[in-house]
Amino acid sequence: MKTENSTTGNYKWILLALLSATYFLAQGSRQIFNAVLPQIKADFAGAGVTDAHLGLVGSAFTLVFGLAIPFGGIFADFFSRKWMIVIGTLLFSVGIFASGFASGVGLLLVAYGIVNAAGQALLPPSNSSLIGQFHVKTRATAFSIYQIVFYVGIVVCSGVSGWLSGLGEGGWRKAFLLFGAISAAWAVAMAFLLRDTPQPSFAKAPTEKPTDASSDKATVREALGAVVRKPSALLLMAGLGFYFYAKYGFNTWIVAYLLRTFPSLSPASAAFHAVFWFYLGAVIGVFAGGRVSDLFAVSRPQVRFDVNIAGLALCVPGLLVSAFAPTAAICIVGTALLGFATGIYDSNIYASLFEVVKPRYRAAAVGVFGCGGSVIGASGPAVLGWMNAHFSMSAGIVSLSAFALAGAAAIGIARIFFFERDRE
């Protein structure tokens, strides 16, 4: 395995830029479905498609992503993180591109909910472990930048998708085709631009080439055990699951909620407002959370958990304002408040986990962490789709508050009772 340069200097920032661009496309492409969901329903109306059916597509994505991400972590720990990123990007681009040809919910579920999700599941373990390896003192700051690029990707993809969907019948298909093609081209570029960096435990000093340490490699059982035997890691995973339930449920249906509640909005403006103000708030929140945690982490290492708790608790006001807003402007204020809260939480998702997991197992930890969180939270879009028909969209949004508070409580238990024992 070939490597060069060290974990300091220019390459760590070049690496961050490359991985952030990949995240831009991956996370932005996820938003296409949410942004064009009303137009998909209109096109498939003749087949009797309901909100519950479309909610299942979003839930299928989250469930498949969660079940597949541990394999991404294991492969990343024992094979090449570079090629996991390249293969994952190529696979999700195929799923996104194929979604543009879907003639019904079944094909959309396979292309978007399964193929796309499987490809995206290969990315987080490799991406996050590489950032954690190359950025030590700047870890939360690096993850914050990474997160902000993801926010920008969602806003751009959502805005472009909403605009394309408003061009007439079948306009939503162009969004999938466009971003699928761009992502495929980026996968090829990454094969040449990204270095093949060994795991930190298998290399000598950062400036040296790695030795053949295959005999020192941990087994899959050891890697998984390093995560599941840590109560703090498991409680962080529970918190992530409750967060995913609330966030994925809200993000899947917010465009449809705006269009139904405030019919004066066009598809393009609803898609734009649904994400722009949310992620503008998130950018502010992620910078604030990242800087605060990096500033105090040396003297108060549990601060990363504190930031997680604060972010989840602050989700509640934003959800309530969005649900009960009498005007579109006030609803947008609610989404911005919610975005700020999620940004605070997002700034330390992986930084918190890495406090209680050995560096050697971080990629596997992200896989198990993401799996548990996604499985717990997968039902959010489907349940809200069901609630749309049996209660109201506002009631569904209000119900998400309970999950945000449950997540804060889980992480609070980890911080009070297990952090000191589990800290690495």
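Name every residue in the range 165-186 that is among the aliphatic types (A, V, I, L, M) and in contact with a helix residue (DSSP H, G or I) (Cβ under 7 Å, 6 or more places away or on another chain), in order of residue number. Don't jump to the end; show me each part of the working.
To start, the set of residues in the range 165-186 that are among the aliphatic types (A, V, I, L, M) comprises 167, 175, 177-178, 181-182, 184-185.
Matches in the range 165-186: ALA175, LEU177, ALA181, ILE182, ALA184.
Filter the range 379-408 down to residues that are without any contact (Cβ under 8 Å) to a residue 40 or more places away in the chain and within 30 Å of VAL357 (Cβ to Cβ), then give me how many there are.
Result for the range 379-408: 1.
Which residue, of PHE101, PHE92, PHE97, is touching a residue at least 24 places away in the same chain (Cβ under 8 Å), assigned to a loop (DSSP other than H, G, I, E, B) and touching a helix residue (DSSP H, G or I) at 6+ places or on another chain (Cβ under 8 Å)?
Working: PHE92 fails: assigned to a loop (DSSP other than H, G, I, E, B); PHE97 fails: assigned to a loop (DSSP other than H, G, I, E, B).
Only one candidate passes the filter, namely PHE101.
Name, by its number, the condition in (1) on the phi > 0 side of the Ramachandran plot; (2) modelled with pLDDT under 75 that does not hold for GLU208.
It is condition (1) that GLU208 fails.
Which one of these is at pLDDT 90 or above and either surrounded by fewer than 19 Cβ atoms within 10 Å (Cβ to Cβ) or small (Gly, Ala, Ser) (or both): GLY290, GLY281? Show your work before the answer.
On the way: GLY290 fails: at pLDDT 90 or above.
So the residue among GLY290, GLY281 that is at pLDDT 90 or above and either surrounded by fewer than 19 Cβ atoms within 10 Å (Cβ to Cβ) or small (Gly, Ala, Ser) (or both) is GLY281.
Which condition number does LEU177 fail, the rest of (1) buried (at least 18 other Cβ atoms within 10 Å of the Cβ); (2) closer than 15 Å to PHE33 by Cβ being met?
Answer for LEU177: the failing condition is (1).
To keep it simple, each residue is scored yes or no on (1) more than 25 Å from ALA175 (Cα to Cα); (2) out of contact with any Pro (no Cβ under 7 Å at 6 or more places or on another chain); (3) touching a residue at least 60 places away in the same chain (Cβ under 8 Å).
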{"position": "LYS230", "(1), (2), (3)": "yes, yes, yes"}
{"position": "LEU234", "(1), (2), (3)": "yes, yes, yes"}
{"position": "GLY241", "(1), (2), (3)": "yes, yes, yes"}
{"position": "HIS273", "(1), (2), (3)": "no, yes, yes"}
{"position": "PHE276", "(1), (2), (3)": "no, yes, yes"}
{"position": "LEU295", "(1), (2), (3)": "yes, yes, no"}
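Which one of LYS174, LYS137 is within 30 Å of ALA52 (Cα to Cα) and of a type in the set (D, E, K, R)? Full working, then the answer.
On the way: LYS137 fails: within 30 Å of ALA52 (Cα to Cα).
After applying the criteria, what remains is LYS174.
Which condition does GLY285 not pass, out of (1) in contact (Cβ under 8 Å) with a residue 40 or more places away in the chain; (2) assigned to a helix (DSSP H, G or I); (3) closer than 27 Å to ALA365 by Cβ; (4) over 18 Å from the mean Cα position of the chain (by Cα), if it passes all the others?
In the conditions (1) in contact (Cβ under 8 Å) with a residue 40 or more places away in the chain; (2) assigned to a helix (DSSP H, G or I); (3) closer than 27 Å to ALA365 by Cβ; (4) over 18 Å from the mean Cα position of the chain (by Cα), GLY285 misses (4) alone.
Could you tell me whether LEU54 is within 23 Å of VAL275 (Cα to Cα) and aliphatic (A, V, I, L, M)? Step through it out loud before you land on a result.
On the way: within 23 Å of VAL275 (Cα to Cα): yes; aliphatic (A, V, I, L, M): yes.
In short, yes.
Within the group ALA406, ALA395, which residue is farther than 28 Å from VAL149 by Cβ, of a type in the set (A, V, I, L, M, F, W, C), out of contact with any Pro (no Cβ under 8 Å at 6 or more places or on another chain) and modelled with pLDDT of 95 or more? Steps first, answer last, please.
Working: ALA395 fails: modelled with pLDDT of 95 or more.
Testing whether each residue is farther than 28 Å from VAL149 by Cβ, of a type in the set (A, V, I, L, M, F, W, C), out of contact with any Pro (no Cβ under 8 Å at 6 or more places or on another chain) and modelled with pLDDT of 95 or more leaves just ALA406.
Across the range 299-336, which residue is modelled with the highest pLDDT among those that are of a type in the set (D, E, K, R) and surrounded by fewer than 24 Cβ atoms within 10 Å (Cβ to Cβ)? Lay out the reasoning, then the answer.
To start, the set of residues in the range 299-336 that are of a type in the set (D, E, K, R) comprises 300, 304, 306.
Next, only the ones that are surrounded by fewer than 24 Cβ atoms within 10 Å (Cβ to Cβ) stay: 300, 306.
Working: ARG300: 82, ASP306: 92.
The selected residue is ASP306.
When the range 64-81 is examined, which residues are found to be surrounded by fewer than 21 Cβ atoms within 10 Å (Cβ to Cβ) and in a helix (DSSP H, G or I)? Talk me through it step by step, then tell me what you get.
We begin by selecting, within the range 64-81, every residue surrounded by fewer than 21 Cβ atoms within 10 Å (Cβ to Cβ); these are 67, 71, 74, 78-80.
Result: LEU67, PHE71, ILE74, PHE78.
Sort out for me the helices (runs of 4 or more DSSP H) sitting completely within the range 104-190 that have 1 or more residues that are over 21 Å from the mean Cα position of the chain (by Cα), more than 20 Å from ILE14 (Cβ to Cβ) and not aromatic (Phe, Trp, Tyr).
Values: elements: 105-108, 117-121, 123-134, 139-165.
Per the criteria, 105-108, 139-165.
Check whether at least one residue in the range 366-373 is β-branched (Val, Ile, Thr) and free of Cβ contacts under 8 Å to residues at least 40 places away in the same chain, and report yes or no. Break it down stepwise before answering.
Looking only at the range 366-373, we keep the residues that are β-branched (Val, Ile, Thr), and these are 366, 368.
Of the ones still in play, those that are also free of Cβ contacts under 8 Å to residues at least 40 places away in the same chain are none.
Looking for residues that are β-branched (Val, Ile, Thr) and free of Cβ contacts under 8 Å to residues at least 40 places away in the same chain, one finds none in the range 366-373, hence no.
The values are calculated or read from the model by the stated rules, or taken from the named source; none is laboratory data. Owing to the predicted nature of the structure, the values given are computational and were not obtained by experimental measurement. With ideal geometry, Cβ positions are generated from the backbone for all residues, glycine too; neighbour counts draw on all protein chains shown.
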